[in-house]
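Any read-out appearing in this document is the output of simple, stated calculations on the displayed coordinates, not a laboratory observation. Everything numeric in this text was worked out from a predicted model, so none of it was measured. Here the Cβ is made from the backbone with ideal geometry for all residues, glycine too, and neighbour counts use every protein chain on show.
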Amino acid sequence: MNTFYNTFEIQTVSGRPSYHDLRDILIEEAKKSNIQNGIMVIQTPHTTCSFYYDETMHDKNFYGDEYLQVDINNVMERIVPRMTSENQYNSPGPKHIEFGMNLSDPRYPAERWVMLNTDAHLRSSLYGTNSMTIILHEGKLELGSLGRIYFVDWDQLRERTRMVSIMIMGEEKK
C-alpha cells in the first residue's frame, strides 16, 4: 500500500458562510497521487468548518453561492440564529474568553468580538464533519457526474485562511 499526503489553503469571506467547491482540487490531487484504487481522506482542523457531499445546483446568487447553499443558510439561520451579541448563547464563558485573549497568532489579533462565533460552532456540530472519505477506483474519485465535495466555513466574523489536509492510501498505478 502506498500513501500520498498534501495540504492546501482556502481563503474564506466575512459576513456570510463561506462555501467552496473542492471537486477540481481533489481530482488533481488524486492524479498527483498516482494511486489507482484506494481511499482519499480530507480533513480540516478548524472547528467551525464542515465538508459535505451534494450535487451542483448551477444557479448562483450575487455572491456566487449556489441556490442550495442559500437554502442551507436560511434553514440554519432558523435553527441556529447568527450570534449578534454576548450572552445570546452560554458560550463563550469568561474562562474561554480569557484563554482566547491570551492566544498569540499574528494573523488574527486577540479581540473579544471575534469570540462571538458560537453560532458557527453549533452549525458545524449539527451540519457535519471536519473530515470525509472518498473512494478512489481506477484512478478516479467516485463522485458521479454532478457530485461535488463542498467545504463550508460557518464562521462569518472575518476572512480567514483555512487549511485542508489530504491523505490518499491504496494501490499505486502500474
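Among the residues making up the range 130-174, a single one is in contact with a strand residue (DSSP E or B) (Cβ under 6 Å, 6 or more places away or on another chain) and free of Cβ contacts under 8 Å to residues at least 60 places away in the same chain: E142.
Restricted to the range 1-117, the set of helices (runs of 4 or more DSSP H) holding at least 3 residues that are β-branched (V, I, T) and more than 17 Å from G147 (Cα to Cα) comprises 67-79. Taking every residue in the range 9-20 that is over 13 Å from A120 (Cβ atoms) and touching a residue at least 24 places away in the same chain (Cβ under 8 Å) and pairing it with any residue that is surrounded by 16 or more Cβ atoms within 10 Å (Cβ to Cβ) and of a type in the set (S, T, Y), at least 6 positions away or on another chain, the pairs with Cβ-Cβ distances below 9 Å are I10/S18; I10/T44; Q11/S18; Y19/Y150; H20/T12; H20/Y150.
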